[in-house]
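Inspection log for the structure reproduced underneath, given as structure tokens.
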Amino acid sequence: MKKFFKRAKRSFFRVLYSKIGRRLPQSEQSKIAKKIRYWMASNFIEKCGVNVNFEHGARFDPTVQIGDNSGMGIDCSIGGVTYIGNNVMMGPQCIMYSYSNAHDRIDIPMNMQGFEKETPIHIGDDVWIGSRVTILPGVNVGSHVIIGAGAVVTKDIPDYAIVGGVPAKVIRMRNEGKG
């Protein structure tokens with residue numbers, strides 16, 4: 001019976017967030033809207049740290065886990081199992097999906113093949129994700145990373161890297177020459 005009520009509570013807050021929460025004004029326009037979105041989202045996602053900002057229009061699955069002082073950008077879309085560390089900044093319109101359509105067989109149309117096996121996305125601590133970044137399934141983003149706007153991240157990114165481009169490549173390391 002306890003599991004039933006927990007599931008019902010999570011479902012209620014998920015619907016509440018999708019119908020009302022993500023339509024509230026941006027956080028810089030209304031501090032109360034920011035608090036309401038946090039209250040709704042933290043009651044249905046897998047794990048939610050403190051001082052997390054869920055921005056206007058952000059969409060995400062209940063399987064998301066997000067650490068302290070992090071945020072989901074305006075109109076971002078996060079689908080599937082995604083682990084977001086502490087102190088992660090995310091620009092507007094970022095896309096992250098931990099699953100993709102299957103396309104291995106050539107004897108059946110792709111739209112009839114279903115999905116590939118889900119592979120979670122991991123984002124480390126102290127990461128800055130620029131506007132309109134796309135992160136593909138199974139990618140691990142290290143800590144202290146900067147991802148330039150518009151990048152498409154197809155492979156793992158090491159700690160302290162600055163990456164950009166399509167596909168994203170390391171431009172330089174933030175810790176080079178630092179003592």
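The values are calculated or read from the model by the stated rules, or taken from the named source; none is laboratory data. Bear in mind the structure is a predicted one, so any value in this text is a computation, not a measurement. Cβ placement follows ideal geometry from the backbone for every residue including glycine, while neighbour counts extend to all protein chains displayed. Please note that ligands, DNA and RNA were not included when accessible areas were found on the heavy atoms of the full protein model with its side chains. Shrake-Rupley method; radii C 1.70, N 1.55, O 1.52, S 1.80 Å.
Being assigned to a loop (DSSP other than H, G, I, E, B) and under 25 Å from Arg7 (Cα atoms) is the filter; apply it to the stretch 86-99 and report the residue that is least open to solvent (accessible area, probe 1.4 Å). Looking at residues that are assigned to a loop (DSSP other than H, G, I, E, B) and under 25 Å from Arg7 (Cα atoms), I get Ser98. What about His103, is it more than 25 Å from Phe12 (Cβ to Cβ), touching a helix residue (DSSP H, G or I) at 6+ places or on another chain (Cβ under 9 Å), modelled with pLDDT under 95 and not hydrophobic (A, V, I, L, M, F, W, C)? It is true that His103 is more than 25 Å from Phe12 (Cβ to Cβ), touching a helix residue (DSSP H, G or I) at 6+ places or on another chain (Cβ under 9 Å), modelled with pLDDT under 95 and not hydrophobic (A, V, I, L, M, F, W, C). Listed conditions (1) part of a loop (DSSP other than H, G, I, E, B); (2) touching a residue at least 24 places away in the same chain (Cβ under 8 Å); (3) within 15 Å of the chain's Cα centre (by Cα) are all met by Thr119, apart from (2). Counting the residues of the stretch 164-179 that are open to solvent by 80 Å² or more (accessible area, probe 1.4 Å) and either in contact with a Cys (Cβ under 9 Å, 6 or more places away or on another chain) or part of a loop (DSSP other than H, G, I, E, B) (or both) gives 6.
Is it the case, given these coordinates, that Val81 is open to solvent by 70 Å² or more (accessible area, probe 1.4 Å), over 19 Å from Gln26 (Cβ atoms) and of a type in the set (Val, Ile, Thr)? Considered against the rule, which asks whether it is open to solvent by 70 Å² or more (accessible area, probe 1.4 Å), over 19 Å from Gln26 (Cβ atoms) and of a type in the set (Val, Ile, Thr), Val81 comes out as no.
If you filter the stretch 125-163 down to residues that are assigned to a loop (DSSP other than H, G, I, E, B) and polar (S, T, N, Q), you find that the one that is nearest to the chain's Cα centre (by Cα) is Ser131. Cβ contacts < 9 Å: first residue among the hydroxyl-bearing types (Ser, Thr, Tyr) and surrounded by fewer than 14 Cβ atoms within 10 Å (Cβ to Cβ), restricted to the stretch 23-40; second residue assigned to a helix (DSSP H, G or I) and modelled with pLDDT under 85, any location; separation 6+ or different chain. Result? Once the first residue is among the hydroxyl-bearing types (Ser, Thr, Tyr) and surrounded by fewer than 14 Cβ atoms within 10 Å (Cβ to Cβ) and sits in the stretch 23-40, no partner that is assigned to a helix (DSSP H, G or I) and modelled with pLDDT under 85 comes close enough.
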